[in-house]
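The values are calculated or read from the model by the stated rules, or taken from the named source; none is laboratory data. The structure presented is a predicted model; accordingly, all values stated were derived computationally and were not measured. With ideal geometry, Cβ positions are generated from the backbone for all residues, glycine too; neighbour counts draw on all protein chains shown. Side chains are part of the model used for accessible areas, which takes the heavy atoms of the whole protein and leaves out ligands, DNA and RNA. Shrake-Rupley method; radii C 1.70, N 1.55, O 1.52, S 1.80 Å.
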Number of protein chains: 2
Amino acid sequence: MTSPITIGQLAKATDTKAVTIRYYESVGLIAPATRTQAGYRLYTEQERDRLIFIKRARHLGLNLDDVKALLGLADDNNAPCEQVDSIIHEQLERVRSRLKDLQQLEQELDRLERCCQADTVADCKIIESLSR
Amino acid sequence: MTSPITIGQLAKATDTKAVTIRYYESVGLIAPATRTQAGYRLYTEQERDRLIFIKRARHLGLNLDDVKALLGLADDNNAPCEQVDSIIHEQLERVRSRLKDLQQLEQELDRLERCCQADTVADCKIIESLSR
DNA sequence: ATGAAGGTTCTAGCGGCTATAAGGTCAACC
DNA sequence: GGTTGACCTTATAGCCGCTAGAACCTTCAT
């Protein structure tokens, strides 16, 4: 049982920025914090855990809507796992699709990079290939 | 020698949207178009070619600043090729770095997806792994 | 008492568009 | 000549996930 901490301390503890925490509150990702008499936000371990959860989910590339959905599901032990699975699955599909695109892009850029041995733009194959 | 076309026709010809073309003008990527008496923008093949150039460069994932730089270089036949090369090279590096990240992400998501065989959130390994 | 390091709210900005509103123009048809 | 509908114009706001800045208040150590 540790005592409540300020937003700056929570930020440090979770490697987030204070502004980001306030932003999360403003978009409903975390509940409005309790306040000191002076209006300072106060947090407990519960909020710290929630923030860590958010960080991990964001690290998976999930957008804030998905994170919010996951948080909602996590809060309800009886919720079916399906919805969790499908959020992860869809993210995996998005990542794979993006990977495909990027791999193709890498090839194109690699080919472009190799093809130009000119000195000036006049003979540059890269510019040529962009102009056609 | 074809006659000048309107923004909508240019948009169709280059598979862009008219708003995007106006946006490019507003950020200085293309020069202000000549206008009819009524104020309609008019374009020639020159602008069409420039727009196609922009599209190809954007397709390589380059941002508008890089595209602008490339356009500037393309306009000057005596410019050294180096700068073109370095824009492409840096983009390739960015793409490769992003690829690395995404590949790692794919693994993580794949592992997560496999690990959950539960029915409800209470036993869900995904939620567990996000909460720790 | 003072100064630094924290906290507060509010507003605006990033990139690259996209959407909406409220209006002007043009060509075709009746 | 009047009307429709497709096109054009500008201006403004919104998207996402923060980030930066201004202007101010509170806390703590010296």
If I filter segment B:62-74 for residues that are in a loop (DSSP other than H, G, I, E, B), free of Cβ contacts under 8 Å to residues at least 12 places away in the same chain and within 30 Å of B:Gln46 (Cβ to Cβ), do I get at least one hit?
yes
Scan of segment B:67-88 for residues that are facing another protein chain (nearest Cβ under 7 Å) and open to solvent by 80 Å² or more (accessible area, probe 1.4 Å), ordered by number
B:Asn77, B:Asn78
Could you figure out which of (1) open to solvent by 60 Å² or more (accessible area, probe 1.4 Å); (2) more than 30 Å from A:Thr120 (Cβ to Cβ) isn't true of B:Lys55?
(2)
Hey, A:Lys17 hits all of (1) more than 13 Å from DNA strand C (Cβ to nearest atom); (2) among the charged types (D, E, K, R); (3) more than 14 Å from chain B (Cβ to nearest Cβ) but one; which does it fall short on?
(1)
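Just give me the residues in segment A:105-118 being hydrophobic (A, V, I, L, M, F, W, C), at the interface with another protein chain (Cβ under 7 Å from one of its Cβ atoms) and more than 29 Å from the chain's Cα centre (by Cα), in sequence order.
First pass over segment A:105-118, keeping only residues hydrophobic (A, V, I, L, M, F, W, C): A:105, A:109, A:112, A:115-116, A:118.
Add one more test, that the residue is at the interface with another protein chain (Cβ under 7 Å from one of its Cβ atoms), and what stays is A:105, A:109, A:112, A:116, A:118.
Listed by number, the residues that qualify are A:Leu112, A:Cys116, A:Ala118.
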Could you say whether any residue in segment A:89-104 is away from chain B (no Cβ under 14 Å) and more than 14 Å from DNA strand C (Cβ to nearest atom)?
no
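Residue-by-condition table, conditions (1) assigned to a helix (DSSP H, G or I); (2) open to solvent by less than 50 Å² (accessible area, probe 1.4 Å); (3) at pLDDT 95 or above:
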{"residue": "A:Gly8", "(1), (2), (3)": "yes, yes, yes"}
{"residue": "A:Ala11", "(1), (2), (3)": "yes, yes, yes"}
{"residue": "A:Thr20", "(1), (2), (3)": "yes, yes, yes"}
{"residue": "A:Tyr24", "(1), (2), (3)": "yes, yes, yes"}
{"residue": "A:Pro32", "(1), (2), (3)": "no, no, yes"}
{"residue": "A:Gln37", "(1), (2), (3)": "no, no, yes"}
{"residue": "A:Arg48", "(1), (2), (3)": "yes, no, yes"}
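Go through segment B:35-60 and give me each residue that's away from every other protein chain (no Cβ under 14 Å) and more than 10 Å from DNA strand D (Cβ to nearest atom). Quick ask: steps written out before the conclusion?
Keep residues of segment B:35-60 that are away from every other protein chain (no Cβ under 14 Å), which gives B:35-44.
Within segment B:35-60, B:Gln37, B:Thr44 qualify.
Looking only at residues that are open to solvent by 100 Å² or more (accessible area, probe 1.4 Å) and over 15 Å from B:Leu99 (Cβ atoms) in segment A:95-114, which one is modelled with the lowest pLDDT?
At the first step, the residues of segment A:95-114 found to be open to solvent by 100 Å² or more (accessible area, probe 1.4 Å) are A:98, A:100, A:104, A:107, A:111, A:114.
Applying the additional criterion that residues be over 15 Å from B:Leu99 (Cβ atoms) yields A:111, A:114.
Values: A:Arg111: 96, A:Arg114: 93.
Top of the filtered list is A:Arg114.
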